[in-house]
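What follows is a short report on a single structure.
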Amino acid sequence: MVARIDRVLITGASSGIGFDMAQRFLAAGSRVAINGRDTEKLARAQRALAHDDRVVAVPADVSKVDEARRLVSHALEALGGLDVLVNNAGIFAAKPLLQTAESDFDQLIATNLKGTYFVTQAAVPHLIAAGGGAVINLGAALAFQGKRRLSVSAVMASKGGVHALTVAWAAELAPHAIRVNTLAPGIIRTALAGDNPDARSGIVPLGRIGEVRDTSEAALYLARADFVTGTVLEVDGGYSHGR
Ligand SMILES: NC(=O)c1ccc[n+]([C@@H]2O[C@H](COP(=O)([O-])OP(=O)(O)OC[C@H]3O[C@@H](n4cnc5c(N)ncnc54)[C@H](OP(=O)(O)O)[C@@H]3O)[C@@H](O)[C@H]2O)c1
């Protein structure tokens, strides 16, 4: 079976990694539903992307289960079905264990882990109806190893959970021809990576930080790679495996 990429839903696609993915899928001929919380920002992204009616914008907060379900149902109605889901919406906050409030922890888990869980739950019946498809999650290379100088245990818990969902769902959904994979980016040049991300290029074996094209190329590969499921693919210039 040749993997279809005709109808694609990308959460958190109003900026950064998700926005570039939307551009790349459009260039590959897909119709794309983009999402974000901020309706103005999302409308600007839609205008920047849209040359025709192949882009639909659906504002929703994926951390809220009712909004996640509404997002999927509106996107599906507009696209007429679904072939690829990219669970990209995510947030980052570095805080030491002793300074992390319950609300900090809940927000990270609700957006990064619970959002991924319930958007996927809402989308899977439609992927089954399409005869199969691809789910691509956004994990994080930083979840693989602790760092003395970067306190991100709550982020690691949320993204490590996404890595675990990937292997669980790959097996559970394989009988439906649904492949589930995850991209684990290192440092990618977006607003989330903060000011002057190049200052950290010294810790990357390939000697540079990542660009959004790096994650988009990997997402297109995973969307099409018919015999690949359950993998967590580092897009990090080698940073997870050596310095
Ligand atoms: N950049 C990196 O170095 C890096 C490294 C590892 C992993 N990642 C992961 O890559 C993904 C994309 O990150 P990015 O760097 O592109 O960040 P970004 O530029 O800040 O974009 C994040 C996107 O997610 C949306 N978003 C955030 N919370 C949301 C929510 N609750 N519901 C719906 N949309 C939401 C944002 O829209 P609004 O502003 O409207 O909410 C925005 O469109 C995230 O999952 C992130 O954890 C990034």
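Since every read-out is calculated from the coordinates, none of them should be taken as a lab result. Predicted model only: the values in this text are computed from it and were never measured. As a convention, Cβ positions derive from the backbone with ideal geometry for all residues, glycine included, and neighbour counts pool all protein chains shown.
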Any lysines whose Cα falls less than 22 Å from that of residue 64, other than same-chain ones fewer than 8 residues away, would be 41, 114, 159
Expected vector for region 197-207, Karplus 3J(HN,Hα) from phi with 6.51, -1.76, 1.60 and θ = phi - 60°, integer Hz, x for Gly and Pro, equals x, 4, 4, 9, 5, x, 8, 9, x, 6, x
What the Cα atoms of region 7-235 span along the principal axes, largest first and in whole Å, is 48, 37, 35
Sorted by chain and then number, the residues having a modelled amide H within less than 5 Å of the amide H of residue 186, at least 5 places away or on another chain, are 141, 235, 236
Rounded to whole angstroms and listed largest first, the alpha-carbon spread of region 142-243 along its three principal axes comes to 45, 27, 25
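Listed highest first by mean packing, meaning other Cβ atoms within 10 Å per residue, what order do 50-56, 71-77 come in? Please list the in-between numbers first.
Values: 50-56: 13.4, 71-77: 20.9.
Highest-to-lowest ranking by the protection proxy: 71-77, 50-56.
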The answer for residue 33, listing residues at least 5 apart or on another chain whose modeled amide H is closer than 5 Å to its amide H, is 8, 9, 10, 56
Computed, not fitted: 222 nm per-residue ellipticity of the chain from DSSP H runs ≥ 4 (each -39500 (n - 2.57)), nearest 500, equal to -12500 deg cm²/dmol
Descending packing, highest mean Cβ count within 10 Å first, for 190-196, 159-165 is 159-165, 190-196
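For the chain, what is the relative contact order in percent, using Cα pairs closer than 8 Å and at least 6 residues apart in sequence?
Numbers: 500 pairs, mean separation 49.7, N = 243.
Once divided by the residue count of the chain, the mean separation gives 20 percent.
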For region 136-149, in residue order, the Karplus 3J(HN,Hα) values (coefficients 6.51, -1.76, 1.60; θ = phi - 60°; whole Hz; Gly and Pro = x) are 10, 9, 10, x, 6, 4, 5, 6, 7, 7, x, 9, 5, 9
